[in-house]
Amino acid sequence: MTAAPANATAEVAVVGSLNLDLTARVRRHPLPGQTVPASTLTPNPGGKGANQAVAAARLGARTALIGRVGTDPHADTLLYSLRSNGVDTTRITHDGNAVTGTALVTVADSGENTITVAAGANAHLNADHVDAARSVLESAGVVSLVMEIPLDTVVAAAHAAADSARIMLNLSPVADIPTDVLALADPLIVNEHEAHEILRNHHLTAEPGVDQASALCRLGVRSAVVTLGARGAALADADLVEHVPGLPVDVVDTTGAGDAFAATLAWRLSQGDALPAAVGWAIRVSAHSVGRTGAQTSYPTLNELTEPAGRGSAPHVHRSEASQV
Ligand code: RIB
């Protein structure tokens with residue numbers, strides 16, 4: 001086990017959820033009212049916050065997670081995964097009155113998943129817990145905020161880190177985030193459907209991709225990244241608008257690929273990369289992750305990524321088909 005030293009300054013601090021994923025593998029997803037057989041049922045460490053923390057740590061980032069779990073055995077499973085990957089878990093608290101978050105994940109042969117989340121202890125992560133972790137947030141290069149915890153907690157974390165860290169906001173699922181917090185996002189990360197929903201809420205429309213990224217910047221975010229699945233990602237900030245193409249991959253399981261994307265972005269931005277180079281890395285890491293099962297179990301180490309090719313110093317992954325963030 002690679003134990004992370006407590007109180008070490010974090011390059012990446014994540015505020016978000018931890019879930020035990022119960023993953024059923026099926027040939028195809030059931031329609032409403034249908035029953036289908038599963039070939040396997042596997043417990044996997046998951047949760048969008050914990051996934052990001054593990055993905056960043058596996059790439060070599062000093063990473064801390066601020067979150068909340070129950071006192072049940074599932075909590076031990078999740079903490080073990082984090083600690084064995086070197087994540088600082090000293091700001092994860094235990095709730096004696098709630099069970100650890102649980103996600104029912106169904107993955108079809110196509111690699112596509114459906115996920116139902118029972119928030120459990122994640123719903124009890126509050127502003128006091130954020131305040132207790134203030135030293136970690138203030139020391140971090142990038143603070144990544146993940147939904148699946150109360151919106152008030154996300155807002156408190158954004159305010160706590162606003163003066164010291166670069167704030168990334170993965171607005172998945174879309175929530176009614178206050179304008180002043182949206183304005184701190186650098187970047188806001190959403191997929192094309194979430195971008196459509198946010199823009200529609202502001203009575204705007206834009207074509208999927210760079211148009212959406214530009215429109216999100218006009219809403220006030222400092223920068224925006226719109227993930228486009230197989231087509232890669234679009235990004236925009238005050239100075240540039242760019243499309244970074246996807247990579248060919250064999251899709252086995254898309255669970256947590258978006259979390260790997262966000263984590264990689266956080267890590268590369270904490271290292272001083274420009275946004276296009278960071279997005280190039282994020283596409284490559286998420287493409288790697290969809291080739292394996294599970295979320296945290298699918299994330300590559302830096303050594304598992306092959307030699308630099310193409311854009312900047314980003315690694316290259318050889319596969320066929322599509323990245324599915
Ligand atoms: O993004 C994937 C994650 O979403 C899963 O690990 C599941 O726990 C849900 O939070």
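Numbers at a glance
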| read-out | value |
| --- | --- |
| Wholly within the stretch 126-174, helices (runs of 4 or more DSSP H) carrying at least 1 residues that are over 15 Å from residue 88 (Cα atoms) and either within 16 Å of the ligand (Cβ to nearest atom) or of a type in the set (Ser, Thr, Tyr) (or both) | 151-161 |
| Among residues of the stretch 215-250, those that are of a type in the set (A, V, I, L, M) and not in a strand (DSSP E or B), counted | 10 |
| Some residue of the stretch 188-208 being in contact (Cβ under 8 Å) with a residue 60 or more places away in the chain and either under 19 Å from the mean Cα position of the chain (by Cα) or within 25 Å of residue 103 (Cα to Cα) (or both) | yes |
| Number of the exception - residue 167 against (1) at positive phi; (2) under 17 Å from the mean Cα position of the chain (by Cα) | (1) |
| So residue 111, is it surrounded by fewer than 22 Cβ atoms within 10 Å (Cβ to Cβ) and away from the ligand (no atom under 16 Å from the Cβ) | no |
| Condition met for residue 122 (assigned to a loop (DSSP other than H, G, I, E, B), of a type outside the set (Ser, Thr, Tyr) and either under 19 Å from residue 170 (Cα atoms) or away from the ligand (no atom under 16 Å from the Cβ) (or both)) | no |
| Residues being closer than 19 Å to residue 282 by Cα and not hydroxyl-bearing (Ser, Thr, Tyr) - total across the stretch 144-169 | 6 |
| Where residue 162 falls short, out of the listed (1) in contact with a strand residue (DSSP E or B) (Cβ under 7 Å, 6 or more places away or on another chain); (2) surrounded by fewer than 18 Cβ atoms within 10 Å (Cβ to Cβ) | (1) |
| Some residue of the stretch 221-240 being at pLDDT 95 or above, within 18 Å of the chain's Cα centre (by Cα), away from the ligand (no atom under 16 Å from the Cβ) and among the polar types (S, T, N, Q) | yes |
| Filter result for the condition that a residue is within 22 Å of residue 289 (Cβ to Cβ), surrounded by fewer than 24 Cβ atoms within 10 Å (Cβ to Cβ) and small (Gly, Ala, Ser), over 220, 258, 229 | 229 |
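Residues checked against (1) free of Cβ contacts under 8 Å to residues at least 40 places away in the same chain; (2) within 16 Å of the ligand (Cβ to nearest atom); (3) basic (Lys, Arg); (4) closer than 23 Å to residue 140 by Cα:
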{"position": "253", "(1), (2), (3), (4)": "no, yes, no, no"}
{"position": "259", "(1), (2), (3), (4)": "no, yes, no, yes"}
{"position": "263", "(1), (2), (3), (4)": "no, yes, no, yes"}
{"position": "272", "(1), (2), (3), (4)": "yes, no, no, yes"}
{"position": "298", "(1), (2), (3), (4)": "no, yes, no, no"}
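The values are calculated or read from the model by the stated rules, or taken from the named source; none is laboratory data. Keep in mind it's a predicted model, so treat the numbers as computed, not measured. As a convention, Cβ positions derive from the backbone with ideal geometry for all residues, glycine included, and neighbour counts pool all protein chains shown.
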